[in-house]
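The values are calculated or read from the model by the stated rules, or taken from the named source; none is laboratory data. This structure is a prediction, so every number in the text was calculated from the model and none was measured. Methodologically, a virtual Cβ is constructed for each residue, glycine included, from the backbone with ideal geometry; neighbour enumeration extends over all protein chains shown. Keep in mind that these areas ignore ligands, DNA and RNA; they rest on the heavy atoms of the full protein, side chains included. Shrake-Rupley method; radii C 1.70, N 1.55, O 1.52, S 1.80 Å.
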Amino acid sequence: VPLHTDICHNAVMNAWAVSGSERAGQRAERILQQLESHATIRPTRISYNACIKAYAKSAQPQEAQRVLDRMKDCGNVRPDKISYTTCIDALARCACDTVQAAKEAERLLTEMETSYKETKEEMIRPDIFSYTSVLAVYGKGDLMVDKALDLRNRMQAHGVSPNGPFLNAWIHLLSKTSDPKTASALLTPATDILS
């Protein structure tokens, strides 16, 4: 029986993504390339997202973003909030320069916000997971209090409410400071959120 969907391919790519293998991304990308060159089966958003996830879980943000860019260029499949948020998550997982990672996370988030503003398509609208991933990038290195406060304001402006994981990331950021002024700057919004 010939296959006319990408379901099996996606399942294998997803299995690589959760495998914990260092080469999961490369293996998933080979499968994605097979789909891209197949005569009748075309990759879907799920296919690209599975490949991005494989790179993200392996803490390879440049490769994850390369697949995101390829997805944007393919024409028939557009990225969604999962595509972008998974790339941001890869930045939070990697052992890369924290300032550069924060800039890249902000760029991806801005791209999502701008796309949503232009299209009003819910599939691209940043959600709490998107903002939490950016906050996790901030928490990787030196304390970025101003950026965290701006992110919270930005999130509120887009109608996104915090949840438990967001607050955990916020508390993690708070725990990295011993300066009372900085701690107060972070603690006040946290207590506002909880009340």
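Points to keep in mind about this one:
- Being of a type in the set (A, V, I, L, M), in a helix (DSSP H, G or I) and either within 29 Å of A136 (Cα to Cα) or in contact with a helix residue (DSSP H, G or I) (Cβ under 6 Å, 6 or more places away or on another chain) (or both) is not true of V77.
- Positions within the range 117-151 being more than 20 Å from Q100 (Cα to Cα) and either touching a Ser or Thr at 6+ places or on another chain (Cβ under 9 Å) or among the charged types (D, E, K, R) (or both), in sequence order: K117, E118, K120, E121, E122, I124, R125, P126, D127, I128, F129
- Listed by position, the helices (runs of 4 or more DSSP H) inside the range 6-74 whose residues that are more than 22 Å from E104 (Cα to Cα), open to solvent by less than 70 Å² (accessible area, probe 1.4 Å) and touching a Pro at 6+ places or on another chain (Cβ under 7 Å) number at least 1 are 24-37.
- A92 being open to solvent by less than 70 Å² (accessible area, probe 1.4 Å), in contact (Cβ under 8 Å) with a residue 40 or more places away in the chain and small (G, A, S): yes
- The range 99-131, subset among the hydroxyl-bearing types (S, T, Y) and crowded, with 18+ Cβ neighbours inside 10 Å, residue nearest to A59 (Cα to Cα): S130
- For P79, the stated conditions do not hold, so it cannot be described as crowded, with 18+ Cβ neighbours inside 10 Å and at pLDDT below 95.
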